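Only the coordinates and a few stated rules stand behind these numbers; no lab work does. Bear in mind that the values here come from a model prediction, so they are computed numbers and not experimental data. Cβ: placed from backbone, ideal geometry, glycine included. Neighbour counts: every protein chain shown.
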Amino acid sequence: MMDQASQLRGMIEEIRNGTVGADGFSCASSVPAGVVSYAPKTHHDAMSNRRSDRPLPQSRVRLANAITICSGKGGVGKSNVAVNLAVVLSRLGNKVCLLDADLGMANADVLCNLSPRRTLEHVVNGQCELAEVALLAPGGFRLIPGGSGVVRLANMPQARRLALLRQLSIIDRTADYIIIDTSAGLNANVLGFAASANRVLMITTPEPTSVTDAYGMIKVLWRQFPEIRIEIVVNLVESEAEGREVFARIDRVCRTFLRSSPRWGGYLPIDSQVAEAVRMRVPFTLFSPDGAATKSLQIIANRLTGNELEPSRTERGFFSRLMSRFSTDSRHSCSI
């Protein structure tokens, strides 16, 4: 296990030094400005022919499936789920982009032992292109550090917002999955990301406070956006039976008071290898590929990839929907 961890740390150092991607792909520095590439180096020439200031026609490609990761309270493993879900989906052959939108405690880069020099805020300020911000993370996904740039999206001038959307829309059309790791709890930013995604994964634990906060968050989300698809993932359980019992409690309350029901998303068991992986700053799905938590997350990922999107949610990409919501809310003097 330690030999594997040492190899992973060596691989991460190569990523940080800019020599190779975690999936064997070339680094973002060799990608044309404005393009976040998921293709091997041999495909870069073809991608360079695309204009970075013009989105691809929506009818030519299937738009990315956007998954917002939420939790009613902190400390339930939300960011760890987001990072490792990105790893598993990538290893299933998907092109995955993770946006770290946890403004208070953004730590997806820490879990991957990466040190971002620039974040989305630099892109918003016009200091660099999106491709210069996207990091190649262990497992093969692309990480976009958000920072305070996420908040500034709502207050951007219209011209700059459209220019940024042209860059972000490339991700909508080249990625298979966009995962958004939000802040814990409920705020306007979380509402915007949840409403713009194709589905929401609500992370909770068996603790009463976690269950109560998860229900409270679901209640607010559905009252404002009743069309949101919410799936419950129960973390840190002794068994699947315990996870389903926690889900049943939330489901029962939702049916009684909200006249609606969330979906079962899956469970993650207590696994000592997860804590060790966090300490080593390696995604636990890579640190312990045969571990109990990894196997459970693989089941969750398989369920996600097996569910097709509703056609009404694929008319526009995630970032297009998000920017439209920012624009609408800013006209009403409400900052997301």
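Beyond a 21 Å Cα-Cα separation, which of these cross-linked pairs lie in this structure: K73/K295; K95/K219; K78/K219? Before the final figure, lay out each step's value.
Values: K73/K295 25 Å; K95/K219 32 Å; K78/K219 19 Å.
The pairs that break the limit, which is 21 Å between Cα atoms, are K73/K295; K95/K219.
Give the order of M202, M105, M280 when sorted by the count of other beta carbons within 10 angstrom, beginning with the fewest.
The most exposed by this proxy come first: M105, M280, M202.
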So V220 and R279, fully extended at 0.36 nm per residue minus their Cα-Cα distance, gain in nm 17.8 nm
quick shape note, the stretch 126-221: Cα extents on principal axes in Å, largest first -> 45, 35, 22
Taking only the alpha-carbon atoms of the stretch 65-303, the convex hull volume per residue, in cubic angstrom, is 111
The stretch 164-308: spread of alpha-carbon positions along the three principal axes, whole Å, largest first, is 43, 39, 28
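Compare the peptides 162-170, 282-290 by average per-residue count of other Cβ atoms within 10 angstrom and give them in order, highest first. Kindly include the intermediate steps, with their values, before the conclusion.
Values: 162-170: 19.6, 282-290: 21.3.
Final packing ranking: 282-290, 162-170.
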Magnitude of the Cβ-charge dipole (Lys and Arg +1, Asp and Glu -1) of the stretch 65-303 about the Cα centre, nearest 20 debye, reported as 680
